[in-house]
Amino acid sequence: MVGVAVERDPISARANRLLDKGDGTESPRRVQPPTLDAPQWVAAAAIIVKAEAVLALRRAPHKPGAGLWETVSGRILPGEDPLAAVAREVAEECGLTVRIAPRPVDAYAASRAGAPMVVICYRAEYVRGRVRRSEEHDAHRWLTVEALGALDCPPRLLEAIRRAQRIT
């Protein structure tokens, strides 16, 4: 009988081959195969741009990821359109009037409190208003991407912000 090797998850297997160092040792970062039975959240994020700065919010001490600097974001509710979700999150988390581009500028996989999630990022142009923070955040600043990068901000979010700033 001839044996046939079948990769159960070809995407993770390929990613792991790419992560191999090439010297016979493996990279410490390994891609885990996805599981279909685990819940995955989907979040919408607004990258609110005002001149050369973006609105950054610090997660409050009582929230998962306390102290992390991020943009306006939140889970998309079941059946909710992502664009409607990002508009709702802007209203709930900062109360600004913004103009949201209808197409996402980026999307990426992340995790929060150990739960996997996908983040869909939209560019939003500041129009008017003063920031009125929700209880989810304890501080806010208008920062350049460089200044935000010096704080505790997810690197993948910084990449999404750079993409949003290139769009005019």
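Structure notes:
Here is a yes/no grid of residues against (1) at pLDDT 95 or above; (2) crowded, with 20+ Cβ neighbours inside 10 Å; (3) charged (D, E, K, R); (4) in contact with a Leu (Cβ under 9 Å, 6 or more places away or on another chain):
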{"residue": "LEU83", "(1), (2), (3), (4)": "yes, no, no, no"}
{"residue": "ARG88", "(1), (2), (3), (4)": "yes, no, yes, yes"}
{"residue": "LEU96", "(1), (2), (3), (4)": "yes, yes, no, yes"}
{"residue": "ALA107", "(1), (2), (3), (4)": "yes, no, no, no"}
{"residue": "ALA110", "(1), (2), (3), (4)": "no, no, no, yes"}
{"residue": "ALA113", "(1), (2), (3), (4)": "no, no, no, no"}
{"residue": "VAL119", "(1), (2), (3), (4)": "yes, yes, no, yes"}
{"residue": "VAL127", "(1), (2), (3), (4)": "yes, no, no, yes"}
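- Restricting ARG133, ARG156 to residues that are out of contact with any Leu (no Cβ under 8 Å at 6 or more places or on another chain), charged (D, E, K, R) and either in the same structural domain as PRO61 (by TED's automatic domain parsing) or surrounded by 15 or more Cβ atoms within 10 Å (Cβ to Cβ) (or both) narrows the list to ARG156.
- Scanning the stretch 65-78 for any residue that is in contact with a Gly (Cβ under 9 Å, 6 or more places away or on another chain) and of a type outside the set (A, V, I, L, M) turns up nothing.
- Residues in the stretch 95-139 that are part of a strand (DSSP E or B) and basic (Lys, Arg): ARG99, ARG112, ARG123, ARG128.
- The residue that is nearest to TRP142 (Cα to Cα), counting only those in the stretch 62-80 that are over 17 Å from the mean Cα position of the chain (by Cα) and either outside the structural domain of ALA150 (by TED's automatic domain parsing) or exposed (fewer than 13 other Cβ atoms within 10 Å of the Cβ) (or both), is HIS62.
The values are calculated or read from the model by the stated rules, or taken from the named source; none is laboratory data. Computed from a predicted structure; not experimentally measured. Virtual Cβ from ideal backbone geometry, glycine too; neighbours counted across all protein chains shown.
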